[in-house]
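Visitor: Before we start, here is the structure in question, set down as structure tokens.
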Amino acid sequence: MNKGGEAIGTQVTAVRQAFASAKQYVVPSYQRNYVWTLEEQWEPLWDDLMALTERIRAGSSQHAHFLGTIITRQLDAPSGYINPWSVVDGQQRLTTLLILIAAARVTFVQHGLVRYASMLSRILVNDEDERESEADKYKIKHKSSDYEGFRAIIDVGLESPSTDVETDSRLGSCYAYFRTAVEVWIKELDEDEIESHVRAFNKAVLDRLVVVDIRLLGDQNSHAIFEALNARGEPLAEWEKTKSYILSLAVGEDDPDGDRTYEAHLERYDRDPYWNEKVSAPRFSGKRIDLFLFYFAQLEIPWQRQRLSGKPVVRPLPRNRIYREFRYIGEHHYRHHPAELDSMLKRLERYAQIYRRIDGPKADNFSDHAREVMAHRRVLNLASLVPAFMVLVYKLGYSERLDDALRIVDSYLMRRVALKLRYSGFDDVAFRHVQALRDAPAHEMHSVLVKRFEGSSLPNRWPTDVEIKQRLPSANMYHGIASARVQMLLGGIAQHMHREREHLLSVPFSLKPLTVEHVAPRNWKGHWQDSLGFQDSEEDRHRLYQLVHRVGNLTLVTRSMNSKLGDKDWGYKARLLKDDNLELNKRLVADMDGTIWNEAGIDHRSRQLAGYVTKIWPHADVLRRELGISAPGDPPDQG
């Protein structure tokens, strides 16, 4: 026999031989979860099986249906009779075949076709006298938690025609599909033809469904083969490839597939539905675990790359190269330093816990302020901020120091919202911020944030007080900016106004679902033309168009109040706004210079709100003073 992991046999194998007596397939933990679906695989397999059954009934003895390739590696057999084979490729089709057979057997028993059901039983499990333990019973031994329901499906297929299988998993759905398909097929047959059809069905399943079985021998790393094989067909996601590679680094003589490392560090991500849920982010759609891996890579890979090459990584890593980057570091570092691999996996775990809390809307670890700031990245569509939040929590914990750091971030973000600034090239900028934060000691995090935001280039600048007060009062804050951003800005001001008078108010602050409302309506004719002091000339219409969209003419109201306000006159609106629970609206009426809402009132409130922006979200000098951050050029603190 040849050594080194090369093929020692390639054989066209029917199902009967593939699941021969005393044989068990062992699916390693690094294999991907079960991903076959009704449209792509189950339904086509059933259609092909029906066509094959009909050809056999018609007398054909030549036709077979090729299911694909399986690649296996023989394992050392423990004491006993079971002959184990590790599945390098093909676990999806092997698993699906047994589920189909289990569903067919149950249906045959229910219809009294006991003889044909018995033929299928031999395929599903190994004989009792061949088993040394309960685990030897099953023809496939899955190590991934994604297959927890597989044994239950086989047991139902063997013993309980009346028992249902849970269908909330993909395996359960697969069983339910084939169970229904076999049942419908039999019920549609003429009574006197059922047995001949079922006989042909069994012949098709057991002898005419075939795979090409490629068997390997030796110590070649099965993870490498797995990676190469899955480069064809449906590509593996970055997590699946990275997970397999990490486990390839962890293999040893006493752990040939890296199962101990999988159970200790990686299984939780496959087992927990949270990580396998489909999510969307800017330029991403896929499982949450792949999105998290991308964020983690922004923190983990660049400094490792720099250590190995001496060159800093200055741009974000492409999403489709995460696995290759991990492989580069693995081959040059982790493979030679197992303790470093273990440290990386522990960082992965800690960052996963942090990410989950950032991602969750009600994480108890964070203050209300921290949750609000981190939620702003969704309104702003800035997923590239997530790694920055992750490293801040990693370094500062869930503390007041974290709140202070997020206050700096929020000032940067909200001042930009106030000026309707966009984020050209911000992914690159945020990536560099993340690298600086990761490399800084915890006690310098605030200083690093202020310094980096203050030094941002013009497109990504941190607006000053002067810029806010000059530009915001005259800006059109209704067009060219998402309503959610205006709502976020006004909501922050409303919350601050409430806190200013909190000791006098009996109702707690709440930003229940609110909408942005024009005080002087866009449809200004009727009640409003005289109040606003405008004529119907082209020039006046243009000026009024600009005026009604200024920030001073915008407020927040509930949907029910929005419908009441409409285009009503100022006197009616003023009474409703004055009695509103939101301090923002009470102040709108109380701070007026006169009794009519006009251009002077709008200008006055616009300037007032611009002042609130600079006060609520202070700039660098104020933050340095309040947080005790040294200014550039200050002598070091000697005390």
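Visitor: Report whether or not R122 is assigned to a helix (DSSP H, G or I), surrounded by fewer than 18 Cβ atoms within 10 Å (Cβ to Cβ) and either of a type in the set (K, R) or on the phi > 0 side of the Ramachandran plot (or both).
Guide: Judged against the criteria, R122 is a match.
Visitor: Now a separate question. Is there a residue being surrounded by 13 or more Cβ atoms within 10 Å (Cβ to Cβ) and in a loop (DSSP other than H, G, I, E, B) anywhere in the stretch 581-588? Outline the logic, then answer.
Guide: First, the residues of the stretch 581-588 that are surrounded by 13 or more Cβ atoms within 10 Å (Cβ to Cβ): 581-588.
Subsequent filtering for residues that are in a loop (DSSP other than H, G, I, E, B) retains 581-582.
Yes, because at least one residue in the stretch 581-588 is surrounded by 13 or more Cβ atoms within 10 Å (Cβ to Cβ) and in a loop (DSSP other than H, G, I, E, B).
Visitor: What are the residue pairs meeting all of these: first residue in the stretch 581-610, first residue modelled with pLDDT of 85 or more and among the basic types (K, R), second residue open to solvent by 60 Å² or more (accessible area, probe 1.4 Å) and in a helix (DSSP H, G or I), Cβ atoms under 7 Å, and 6 or more apart or on different chains?
Guide: K586/K578
Visitor: Here's something else I'd like to know. If L171 passes every condition in (1) open to solvent by less than 30 Å² (accessible area, probe 1.4 Å); (2) modelled with pLDDT under 90; (3) part of a helix (DSSP H, G or I) but one, which one does it miss?
Guide: Looking at each condition in turn, L171 falls short on (2).
Visitor: Of the conditions (1) over 22 Å from L291 (Cα atoms); (2) of a type in the set (A, V, I, L, M); (3) open to solvent by less than 40 Å² (accessible area, probe 1.4 Å); (4) in a helix (DSSP H, G or I), V434 clears all except one; give me its number.
Guide: That leaves (1) as the condition not met.
Visitor: Based on this model, can you work out whether R471 counts as among the basic types (K, R) and surrounded by fewer than 16 Cβ atoms within 10 Å (Cβ to Cβ)? Give the steps one after another, and end with the answer.
Guide: Details: among the basic types (K, R): yes; surrounded by fewer than 16 Cβ atoms within 10 Å (Cβ to Cβ): yes.
When the stated conditions are applied, R471 passes them.
Visitor: Just to check your reading of the model, which residue among V486, V519, V450 is more than 20 Å from E583 (Cα to Cα) and either open to solvent by 40 Å² or more (accessible area, probe 1.4 Å) or not polar (S, T, N, Q) (or both)?
Guide: Going through V486, V519, V450 in turn, the sole match is V450.
Visitor: Check off (1) open to solvent by less than 30 Å² (accessible area, probe 1.4 Å); (2) over 14 Å from L158 (Cβ atoms) for A117 and give me the number that stays unchecked.
Guide: Single failed check for A117: (2).
Visitor: Still on this model: Please indicate, with yes or no, whether at least one residue in the stretch 433-452 is touching a residue at least 24 places away in the same chain (Cβ under 8 Å) and either in contact with a Gly (Cβ under 8 Å, 6 or more places away or on another chain) or more than 30 Å from R315 (Cβ to Cβ) (or both).
Guide: No, because not a single residue in the stretch 433-452 is touching a residue at least 24 places away in the same chain (Cβ under 8 Å) and either in contact with a Gly (Cβ under 8 Å, 6 or more places away or on another chain) or more than 30 Å from R315 (Cβ to Cβ) (or both).
Visitor: May I ask you to list the residues in the stretch 295-315 that are in contact (Cβ under 8 Å) with a residue 40 or more places away in the chain and buried (at least 19 other Cβ atoms within 10 Å of the Cβ)? Spell out how you get there, then give the answer.
Guide: Just the residues of the stretch 295-315 that are in contact (Cβ under 8 Å) with a residue 40 or more places away in the chain, to begin with: 295-296, 298-300, 302-303, 312-315.
Y295, F296, Q298, L299, E300, P302, listed by residue number.
Visitor: Quick check on my filter: what residues within the stretch 125-157 are in a helix (DSSP H, G or I) and open to solvent by less than 50 Å² (accessible area, probe 1.4 Å)?
Guide: Matches in the stretch 125-157: E130, A135, D136, K137, S145, Y147, F150, I153, I154, D155, V156, G157.
Visitor: Wholly within the stretch 336-414, which helices (runs of 4 or more DSSP H) include no fewer than the required count, namely at least 2 residues that are more than 22 Å from K451 (Cβ to Cβ)?
Guide: Details: elements: 338-359, 368-379, 386-396.
In the stretch 336-414, the matching helices (runs of 4 or more DSSP H) lie at 338-359, 368-379.
Visitor: Additional query: Pull up the stretch 221-254, narrow it to residues that are farther than 19 Å from N276 by Cβ and touching a strand residue (DSSP E or B) at 6+ places or on another chain (Cβ under 7 Å), then point me to the one that is modelled with the lowest pLDDT.
Guide: Per the stated criteria, the residue is L229.
Visitor: From V379, V391, grab the single residue that is buried (at least 20 other Cβ atoms within 10 Å of the Cβ) and either in contact with a strand residue (DSSP E or B) (Cβ under 6 Å, 6 or more places away or on another chain) or within 29 Å of K278 (Cβ to Cβ) (or both).
Guide: Details: V379 fails: buried (at least 20 other Cβ atoms within 10 Å of the Cβ).
Every option except V391 fails the conditions.
Yes/no matrix, rows are residues, columns are (1) under 19 Å from Q17 (Cβ atoms); (2) at pLDDT 85 or above:
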{"site": "L97", "(1), (2)": "yes, yes"}
{"site": "N126", "(1), (2)": "yes, yes"}
{"site": "H142", "(1), (2)": "no, yes"}
{"site": "S145", "(1), (2)": "no, no"}
{"site": "D155", "(1), (2)": "no, yes"}
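Visitor: Of everything in the stretch 343-353, what is free of Cβ contacts under 8 Å to residues at least 60 places away in the same chain, open to solvent by less than 80 Å² (accessible area, probe 1.4 Å) and farther than 10 Å from F296 by Cβ? Give them in sequence order.
Guide: Across the stretch 343-353, the qualifying residue is only S343.
Visitor: How many residues, within the stretch 316-335, are touching a residue at least 40 places away in the same chain (Cβ under 8 Å), under 18 Å from F284 (Cα atoms) and part of a helix (DSSP H, G or I)? Give the derivation first.
Guide: Residues of the stretch 316-335 that are touching a residue at least 40 places away in the same chain (Cβ under 8 Å), as a first pass: 316, 319-320, 322-323, 326-327, 330, 334-335.
Still in the running and under 18 Å from F284 (Cα atoms): 316, 319-320, 322-323.
Now restrict to residues that are part of a helix (DSSP H, G or I): 319-320, 322-323.
Total satisfying the criteria: 4.
Visitor: Only residues that are closer than 14 Å to Y175 by Cβ and either in contact with a Lys or Arg (Cβ under 9 Å, 6 or more places away or on another chain) or of a type outside the set (A, V, I, L, M, F, W, C) (or both): list them for the stretch 141-157, please.
Guide: Scanning the stretch 141-157 gives Y147, E148, G149, R151, I154, D155, G157.
Visitor: Could you run through the stretch 418-428 and say how many residues are under 12 Å from W462 (Cβ atoms) and either in contact with a Leu (Cβ under 9 Å, 6 or more places away or on another chain) or buried (at least 20 other Cβ atoms within 10 Å of the Cβ) (or both)?
Guide: Of the residues in that region, 2 qualify.
Visitor: Can we say D540 is assigned to a helix (DSSP H, G or I), charged (D, E, K, R), modelled with pLDDT under 65 and out of contact with any strand residue (DSSP E or B) (no Cβ under 6 Å at 6 or more places or on another chain)?
Guide: Against the criterion (assigned to a helix (DSSP H, G or I), charged (D, E, K, R), modelled with pLDDT under 65 and out of contact with any strand residue (DSSP E or B) (no Cβ under 6 Å at 6 or more places or on another chain)), D540 does not qualify.
Visitor: In the stretch 82-109, what count of residues is obtained for those that are part of a loop (DSSP other than H, G, I, E, B) and surrounded by fewer than 16 Cβ atoms within 10 Å (Cβ to Cβ)?
Guide: So the count comes out to 0.
Visitor: Give me the residue from the stretch 443-473 that is out of contact with any Asp or Glu (no Cβ under 9 Å at 6 or more places or on another chain), not in a helix (DSSP H, G or I) and not polar (S, T, N, Q) and, out of that set, nearest to G425 (Cα to Cα).
Guide: Going through the qualifying residues, I end up with G455.
Visitor: If I go through the stretch 40-68 residue by residue, how many of them are closer than 26 Å to Q24 by Cα and either free of Cβ contacts under 8 Å to residues at least 24 places away in the same chain or open to solvent by 40 Å² or more (accessible area, probe 1.4 Å) (or both)?
Guide: Matching residues across the stretch 40-68 total 4.
Visitor: What number of residues within the stretch 247-264 satisfy the criterion of being open to solvent by less than 10 Å² (accessible area, probe 1.4 Å), out of contact with any His (no Cβ under 7 Å at 6 or more places or on another chain) and not in a loop (DSSP other than H, G, I, E, B)?
Guide: Summing the residues that are open to solvent by less than 10 Å² (accessible area, probe 1.4 Å), out of contact with any His (no Cβ under 7 Å at 6 or more places or on another chain) and not in a loop (DSSP other than H, G, I, E, B) in the stretch 247-264 gives 1.
The values are calculated or read from the model by the stated rules, or taken from the named source; none is laboratory data. What you see is a predicted model, and the numbers here were worked out from it, not measured in a lab. Cβ sites come from the backbone with ideal geometry, for glycine too, and all protein chains shown count toward neighbours. All accessible areas refer to the heavy atoms of the entire protein, side chains included, with ligands and DNA or RNA removed. Shrake-Rupley method; radii C 1.70, N 1.55, O 1.52, S 1.80 Å.
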